[in-house]
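Peer 1: I have a structure here, written as structure tokens, and I will follow up with some questions on it.
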Ligand SMILES: [Mn+2]
């Protein structure tokens, strides 16, 4: 990629404590930066714990503690990383959608036919319309930066947030593959009455985006029988490495490096990485909305990124979702892990280009 690194201001010291307002304390504007991050503080349909709408702010705050030098990827900051301001429209849509959704979530969903659930259905439909506005906004914003040949990442928010980016990315790269790290399969047809649920993102991707050639899932350990059947029916377009099966092979002595190569080999040449933080061991994301025991260690996830970059495949876009700060404000651990995972992901994605 022929991107000219932006000149750093004379008073910028990459080894010093972060002083700038930007992510990782960096001085770059989005126009200068090779990597542009779009924060999407949206969690309208969070069904269990809430707080992922605070993900972008938590990652931004914690990012200032991350050393810019990285042992594995060198200096990913050099050609610029910038996060756009938190979009006020999305904040307002999220809060309206959240109030509309609450009674539906409390009722465990909206029945599609029962007359007495008419109001719940009306609410769920209104939430879906707001979600579509959010997707349209994400799509327009992402399209602008993708057309400038930037690496574009969504910082969620819940896992419904990257749909607009994946759609734009796939439109520019037909045959796109998705590397999806998650505890959940996210292939429910709809969830709790909402078409645009955090639990159905990959179902929508598979059904509505024929330009997505392959979905490769890793770390999945919590899904319904219906989702399990859907994954089997969709093979080989969906390839899932379930977490218990990966653990068993590791315990039987197979090295993670060879499992990672097997997983990455299933991907086409151009890739979007969709990273739900709950794909990791929940000790690394204790406040995320739907934690599940098991999952990847931090170094296992980073090895996947490394093997992906070294394979010659190209990462053109990504999302990092479901990071939620400690509601008491006491611990910044979730944001810390999120900011470090993001830095590794950007570092290896930049190397892949
Ligand atoms: Mn998940």
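The values are calculated or read from the model by the stated rules, or taken from the named source; none is laboratory data. Computed from a prediction, not measured in an experiment: that's the story for all the values here. Using ideal geometry, Cβ is built from the backbone for each residue, glycine included, and neighbour counts are taken over all protein chains shown.
Peer 1: Condition (residue is at pLDDT below 95, assigned to a helix (DSSP H, G or I), surrounded by fewer than 22 Cβ atoms within 10 Å (Cβ to Cβ) and more than 16 Å from the ligand (Cβ to nearest atom)) applied to the stretch 262-269: is it met by at least one residue?
Peer 2: Filtering the stretch 262-269 for residues at pLDDT below 95 gives none.
No: zero hits.
Peer 1: Now a separate question. Residues being within 12 Å of the ligand (Cβ to nearest atom) and out of contact with any helix residue (DSSP H, G or I) (no Cβ under 9 Å at 6 or more places or on another chain): count how many of those fall in the stretch 200-221.
Peer 2: Selection size over the stretch 200-221: 2.
Peer 1: Now for a different question. Could you please give the count of residues in the stretch 286-295 that are at negative phi and either surrounded by fewer than 18 Cβ atoms within 10 Å (Cβ to Cβ) or more than 10 Å from the ligand (Cβ to nearest atom) (or both)? Please lay out each step first, then the result.
Peer 2: First, pick out the residues of the stretch 286-295 that are at negative phi: 286-293.
Subset that is either surrounded by fewer than 18 Cβ atoms within 10 Å (Cβ to Cβ) or more than 10 Å from the ligand (Cβ to nearest atom) (or both): 286-287, 293.
Count: 3.
Peer 1: Given (1) over 17 Å from the mean Cα position of the chain (by Cα); (2) more than 14 Å from the ligand (Cβ to nearest atom); (3) crowded, with 16+ Cβ neighbours inside 10 Å, where does residue 254 come up short, assuming only one miss?
Peer 2: That leaves (3) as the condition not met.
Peer 1: Being in a helix (DSSP H, G or I) and touching a residue at least 12 places away in the same chain (Cβ under 8 Å) is the filter here; which residues of the stretch 288-333 pass it?
Peer 2: Our first condition is that a residue be in a helix (DSSP H, G or I); within the stretch 288-333, this holds for 298-310, 333.
Those that are in a helix (DSSP H, G or I) and touching a residue at least 12 places away in the same chain (Cβ under 8 Å): 298, 300, 301, 302, 303, 304, 305, 306, 307, 308, 309, 333.
Peer 1: Give 259, 246, 320, 280 a once-over and let me know the one that is surrounded by fewer than 22 Cβ atoms within 10 Å (Cβ to Cβ) and either in contact with a strand residue (DSSP E or B) (Cβ under 9 Å, 6 or more places away or on another chain) or within 18 Å of residue 183 (Cβ to Cβ) (or both).
Peer 2: Working: 246 fails: surrounded by fewer than 22 Cβ atoms within 10 Å (Cβ to Cβ); 320 fails: surrounded by fewer than 22 Cβ atoms within 10 Å (Cβ to Cβ); 280 fails: surrounded by fewer than 22 Cβ atoms within 10 Å (Cβ to Cβ).
259 is the lone residue from the list that is surrounded by fewer than 22 Cβ atoms within 10 Å (Cβ to Cβ) and either in contact with a strand residue (DSSP E or B) (Cβ under 9 Å, 6 or more places away or on another chain) or within 18 Å of residue 183 (Cβ to Cβ) (or both).
Peer 1: Specify which of the listed residues (37, 68) is in contact with a helix residue (DSSP H, G or I) (Cβ under 7 Å, 6 or more places away or on another chain) and not in a loop (DSSP other than H, G, I, E, B). Before you say what the answer is, go through the steps one by one.
Peer 2: Working: 68 fails: not in a loop (DSSP other than H, G, I, E, B).
Unique residue meeting the criteria: 37.
The rows are residues; the columns are (1) within 16 Å of the ligand (Cβ to nearest atom); (2) over 28 Å from residue 119 (Cα atoms); (3) out of contact with any helix residue (DSSP H, G or I) (no Cβ under 6 Å at 6 or more places or on another chain).
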{"residue": "182", "(1), (2), (3)": "yes, yes, no"}
{"residue": "191", "(1), (2), (3)": "yes, no, yes"}
{"residue": "223", "(1), (2), (3)": "yes, yes, yes"}
{"residue": "228", "(1), (2), (3)": "yes, yes, yes"}
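Peer 1: Taking the stretch 152-172, which residues are within 16 Å of the ligand (Cβ to nearest atom) and assigned to a strand (DSSP E or B)?
Peer 2: The answer is 154, 155, 156.
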